[in-house]
Amino acid sequence: MVGTTIATKLVSLGHEVVMGSRSASNDKSAAWLAGLSANADKASAGTFADAATFGELLFNCTSGGASLAALNLAGTDNIAGKILIDIANPLDFSQGMPPRLSISNDSSLGEQIQAAFPKTKVVKTLNTLSCELMVEPSKLAGAHTIFMSGDDAEAKATVERTILREAFGWADVIDLGDISTARGTEMFLPLWVRTWAALGTADFNIHVVRAK
Ligand SMILES: NC(=O)c1ccc[n+]([C@@H]2O[C@H](COP(=O)([O-])OP(=O)(O)OC[C@H]3O[C@@H](n4cnc5c(N)ncnc54)[C@H](OP(=O)(O)O)[C@@H]3O)[C@@H](O)[C@H]2O)c1
């Protein structure tokens, strides 16, 4: 869901996108390709390794509990030196709803990915709201906030400018600091899930209001 939403938006803007998966002949990827209208010639699908090899900029939109496995399939060497935008949350649905966090407090999925792949520049962002709002923040009236975490300042600046502001239209971006600050945005998910249940819609976000 997240992968196809991000990919559709990027393809519509004229970027070339390879959708990765565990299997090159994946039904969901095929359905995504078949449903594209604008710039469909810019889109293709393959394995996680195919996507990692092709992409200048990578997105991790995999299930949080499987992200390390998926990135291992992508290949350590294929993702080395590249920016990886990590959108995954470590949600554990094994005991039903609401999900638990499988990683929390003194670690985060973002940190675990950065530690496992030290040559990759992990930037955690966009994980605090629904995928429709990630790529279309103007769906909500007024200002609202997106967070960013990562150890590499240049990588964060690139993600903020090219993806968050220029491609998706975010105006209020808060750089929280190094990748350990991903603990905060990942631990926001229990509140996000309860707010979603209370409002009956995923069309909401938080706005950090500063003093004038
Ligand atoms: N849904 C939202 O609006 C939203 C918002 C914020 C953050 N997120 C986070 O974004 C991520 C993606 O969410 P989603 O709902 O789009 O998809 P999802 O169902 O959580 O994950 C699907 C992806 O995970 C891969 N995957 C699943 N099990 C795997 C395994 N054992 N080994 C390797 N890869 C595996 C799948 O690969 P295959 O293609 O091979 O099946 C597919 O790429 C999640 O971490 C979620 O918490 C979601």
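Remarks
- Pair list, Cβ under 8 Å, 6 or more apart: region 45-72 residue farther than 16 Å from residue 17 by Cβ, other residue among the basic types (Lys, Arg): 70/22
- Of the residues in region 152-174, none is open to solvent by 70 Å² or more (accessible area, probe 1.4 Å), within 17 Å of the chain's Cα centre (by Cα) and touching a residue at least 12 places away in the same chain (Cβ under 8 Å).
- Within region 10-19, the set of residues being within 19 Å of the chain's Cα centre (by Cα), away from the ligand (no atom under 13 Å from the Cβ) and either surrounded by 19 or more Cβ atoms within 10 Å (Cβ to Cβ) or outside any helix (DSSP H, G or I) (or both) comprises 10, 11, 13, 15, 16, 17.
- Scope region 31-41; condition buried (at least 16 other Cβ atoms within 10 Å of the Cβ) and over 12 Å from residue 21 (Cβ atoms); matching residues: 36, 39
- Region 128-148 residues that are over 23 Å from residue 210 (Cβ atoms), paired with ones that are open to solvent by 60 Å² or more (accessible area, probe 1.4 Å) and among the hydrophobic types (A, V, I, L, M, F, W, C) (beta carbon under 9 Å, 6 or more apart): 130/196; 131/1
- Checking residue 113 against (1) in contact (Cβ under 8 Å) with a residue 60 or more places away in the chain; (2) outside any loop (DSSP other than H, G, I, E, B); (3) within 15 Å of the ligand (Cβ to nearest atom); (4) crowded, with 22+ Cβ neighbours inside 10 Å, the condition it does not meet: (1)
- For region 34-46, the count of residues that are in contact with a helix residue (DSSP H, G or I) (Cβ under 8 Å, 6 or more places away or on another chain), within 15 Å of the ligand (Cβ to nearest atom) and closer than 23 Å to residue 152 by Cβ is zero.
- Helices (runs of 4 or more DSSP H) wholly inside region 20-104 that include at least 2 residues being under 22 Å from residue 5 (Cβ atoms): 27-35, 48-54, 67-74
- Matching option when the condition is within 13 Å of the ligand (Cβ to nearest atom), surrounded by 15 or more Cβ atoms within 10 Å (Cβ to Cβ) and over 17 Å from the mean Cα position of the chain (by Cα), among 188, 204: 204
The values are calculated or read from the model by the stated rules, or taken from the named source; none is laboratory data. Note that the structure is predicted; figures quoted are calculated from it, not measured. Cβ atoms come from the backbone with ideal geometry, glycine included; neighbour counts cover every protein chain shown. Ligands, DNA and RNA are stripped out before the accessible areas are found, and what is left, the full protein with its side chains, is counted by its heavy atoms. Shrake-Rupley method; radii C 1.70, N 1.55, O 1.52, S 1.80 Å.
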